[in-house]
1. For the range B:236-274, which residues satisfy the criterion of being assigned to a helix (DSSP H, G or I) and basic (K, R)?
2. Can you tell me which of (1) of a type in the set (A, V, I, L, M, F, W, C); (2) away from chain C (no Cβ under 13 Å); (3) crowded, with 21+ Cβ neighbours inside 10 Å is the one B:A52 doesn't meet?
3. Looking only at the range B:32-45, which residues are free of Cβ contacts under 8 Å to residues at least 24 places away in the same chain and closer than 19 Å to B:F67 by Cβ?
4. Out of the residues in the range A:36-70 that are surrounded by 24 or more Cβ atoms within 10 Å (Cβ to Cβ) and in a helix (DSSP H, G or I), which is farthest from the other protein chains (Cβ to nearest Cβ)?
5. Does the range A:16-35 hold any residues that are assigned to a strand (DSSP E or B), more than 9 Å from chain C (Cβ to nearest Cβ) and of a type in the set (G, A, S), and which are they?
6. How many of the residues in the range B:66-116 are away from chain C (no Cβ under 14 Å), crowded, with 24+ Cβ neighbours inside 10 Å and touching a residue at least 40 places away in the same chain (Cβ under 8 Å)?
7. Just to be sure before I move on: is C:T90 surrounded by 24 or more Cβ atoms within 10 Å (Cβ to Cβ), at pLDDT 95 or above and in contact with a Leu (Cβ under 6 Å, 6 or more places away or on another chain) in the structure I sent?
8. Is it fair to say B:A147 is within 20 Å of the chain's Cα centre (by Cα), closer than 15 Å to B:T72 by Cα and modelled with pLDDT of 95 or more?
Amino acid sequence: MAYSEKLVDHFENPRNVGALDKNDPGVGTGLVGAPACGDVMKLQIKVNAEGIIEDAKFKTFGCGSAIASSSLVTEWVKGKTVDEAATIKNTDIAKHLALPPVKIHCSVLAEDAIKAAIEDYRKKRV
Amino acid sequence: MTTPVYLDWNASAPLGEPARAAMAHAFTVAGNPSSVHAAGRAARKIVEEARASVASVAGAGAARIVFTGGGTEANALALNGFAPADCIVSAVEHDSVWAPLSGARVAPVDRDGIVDLAALEALLADRPKLVAVMLANNETGAIQPVAEIARLTRAAGARLHCDAVQAFGKIAVDFEALGADTLALSAHKIGGPQGVGALIVRESVQVNPLLSGGGQETGLRAGTQNVAGIAGFGAAALAAAPMAAGLRDALENAIRTAYVGVAIHAGAAPRLPNTSCIGLPGVSAETQVMTLDLAGFAVSAGAACSSGKVKASRTLAAMGAGTGAGEAIRVSLGPTTTTEEIDAFARAWAALARRLAPAGAKIPAAA
Amino acid sequence: MSTATIKPPANDRANAPRRPVYLDYQATTPMDPRVLEAMMPYFTEKFGNPHSRNHEYGWEAEEGVEKARAQIAELIAADEREIVFTSGATESNNLAIAGVAHFYKDQRDHIVTLVTEHKCVLDTCRHLEQEGFKVTYLPVKPDGLVDLAELDRAITDRTVLVSIMAANNEIGVIQPLAQIGALCRAKGAFFHTDCAQAYGKIPLDVDAMKIDLMSISGHKIYGPKGIGALFVRRKPRVRLQALIHGGGQERGMRSGTLPTPLCVGLGRAAEIAKNEMATESARLLKLRERFLKTVNEKLPEVFLNGDLSNRLPGNLNLSFAYVEGEGLMMGIKDLCVSSGSACTSASLEPSYVLRALGVEEELAHTSLRIGFGRFTTEAEVDYAAERIVQAVSKLRSMSPLWEMAQEGIDIKSIQWAAH
């Protein structure tokens, strides 16, 4: 199982590790996965008044592919509108990181994490 | 005592330099090929490269190569799960095929050891599930028309298992052209190490694993792979070159000249270029082997696999050799066998024939 | 909280070995150069087929094989005629279990084994179940050891075989073989023990422990891969139906040309193990203590799986809570360790052995097997401990579960979506 350079880079130098204040009305938090399944992702987005995601943070319990996938999506969502971010597909993540077939579920989880964070943000807005 | 002349290559060939070098490298790799860490991946790479080598030499294309603990295990794996009553086996198969199929219907051979295709076709009318016919015989070297047999078995809806342990590396073996469903190979007959073999399995064919647990070899053969042995097998397969029959033919000519009563079994059949099965009427095979051993020549009687007891050869008996089945030795040559060794052997054999052949046989004065 | 980057101390970098540090001695071991040295002549000048009884090449090879057989037997106080060569412990286990079950199937049809046995034992038992045999898979106690009272109850007058490993491949715990043997003998069941991990590592005596069949591996004791052995007791005699038929080698129990150099290698490896077991065990115990001390001092919430006192001296299996094992392995790429066991590590399931101990799934996912062996140095142990401490600390700082635990949130109280 040889991993791509991009994947290894995201794993070794993860971007945007950390936490945002989950009580901030502009912050959406997604928590997906399960410890018993071996991966849990927490992805947070901070959305400004224009509806642009100006910051994103993650923490992930999981394998290298799960950590790299979540690191990658925090980079991707920054600067996007919430609607744009919602269109990120797991296949794009898997392709970018050249995930091996047994690790495709990590990209699915990352997509789920974005969606969950957006949903949480939207719930707070209504 | 000087080093005996080794003319028993069909029993086991000495390890060749390419295999030795590949193994020397592989022995320095610590990992288990199933481990995901760096050491494990290095071991796995060795196994997979050897798999590609064996596949390319055997013309196996997309078929699966399952590494086993030897040719006997490869045969056992191919046959596992088949009831003998559902099988047809040629009369001249190696014991590793013959024993597990004990009770199967037997396809007879002609006096040169070649399967009687008409008789096989008649047996196929009973719709057997499996037919086992070897590619080349270990005792006589006779080569079966496997491609033709594959056509017949396929038409009858049966599977064909082919034991190519003796043929591989000595003649060109092309799995696709042969058309067998499973093909057994061994490393130590071709300058690879003992303890490694392979079964080639056609993609569409299901085999029943003999050893379970661990999931190695795509679930078909559990157990940590013999990494160094497999590396040696791959290297030996790449290095094996089909041999010329010149030396063997020279040997047989010399022997025929020395003693007209000699029987070269399967002499009229297509044969492996290195094998000669020489019968000396009236002299037991055991006596011949021991006499030649004392004279400094390592040859064998029948197959070497049994417990050491020399019995009459089942193969020769099936060829209609009668009492001759207990009176033949196998001389098998290797790529490093020299003309001098063959000349010396021919002289020793002539002396043996003069001394031991029954009185009344016509023996020329000199060889 | 910002990204945590924990740099290794400078002196550690300087000491870093160039090749990855091999700490996976339960998966396989490097060959001892002395073993290779003993094997080499049998690859070249003594290359004969050991079954060729009629010439010198065959005799030389046979002599090598028979000497090895005696060396292998001596380590377990067996008779050399009780040693059958196989292609490895997997084949030995298959042969012992299926062989005994098939041979005695008209008399007895029940097998007892443990849920923590090696895959090849469990798979063989499953096959036998499909054929109509009954199999009892006994649970183990939280320390990984068999409950002898439960074993006693499980063995009936229908039980033909009890198969219990000596030492576990993942957690290294050593079962009470002598007590198990006594129970089996008293009830007329054969006792098979998979000693792939234990042979050559701990003292074993087939008579004192009343062992009837024992599986042995070459490549776990610094010998070659592709060779193993099965001890088959002669008095009282144990009979087997062969798996591989043919030339009738190994007294009909296992046909096929014996790989002389590999047999010789296993013999030599056994001899070295016999001579050096005591000193090697003491050394490995010290290394293990040293490693554990560093880790325990520097990391909270590290849990040892399996009993510590009844354990192979070179084995550790640790759960690093809140850090997923595969991710951890990637973080310590210059260490060769294993998450789960080597045979199954390609799969993403948590170890069934740890689950059997009652280790919860989330903790089972955080486990590493760390194996020390003959060529492990003190410097390597120190380096490995530091690297693991760094990687675990870094990954915990990135772990949402660690964060919750620090905040006092009970992870079990959260409604996790299964996926």
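The values are calculated or read from the model by the stated rules, or taken from the named source; none is laboratory data. Every value quoted in this text rests on a predicted model; they were computed, and no experiment measured them. Glycine gets a Cβ as well: all are built from the backbone with ideal geometry, and neighbour counts include every protein chain shown.
1. Going residue by residue through the range B:236-274, those that are assigned to a helix (DSSP H, G or I) are B:236-239, B:246-258.
Correct list: B:R248, B:R256.
2. (3)
3. Kept after step one, since they are free of Cβ contacts under 8 Å to residues at least 24 places away in the same chain, are these residues of the range B:32-45: B:35-42, B:44-45.
Once the filter is applied, which keeps residues that are free of Cβ contacts under 8 Å to residues at least 24 places away in the same chain and closer than 19 Å to B:F67 by Cβ, the range B:32-45 yields B:S35, B:G40, B:R41, B:A42, B:R44, B:K45.
4. Taking the candidates together, the pick is A:S69.
5. So the first thing to find is which residues in the range A:16-35 are assigned to a strand (DSSP E or B), and the list is A:17, A:27-34.
In the following step, the residues that additionally are more than 9 Å from chain C (Cβ to nearest Cβ) were identified as A:27-30.
Result: A:G28, A:G30.
6. Result for the range B:66-116: 5.
7. Working: surrounded by 24 or more Cβ atoms within 10 Å (Cβ to Cβ): yes; at pLDDT 95 or above: yes; in contact with a Leu (Cβ under 6 Å, 6 or more places away or on another chain): yes.
Here the answer is yes, as C:T90 does meet what is asked.
8. Details: within 20 Å of the chain's Cα centre (by Cα): yes; closer than 15 Å to B:T72 by Cα: no; modelled with pLDDT of 95 or more: yes.
No: the conditions fail for B:A147.
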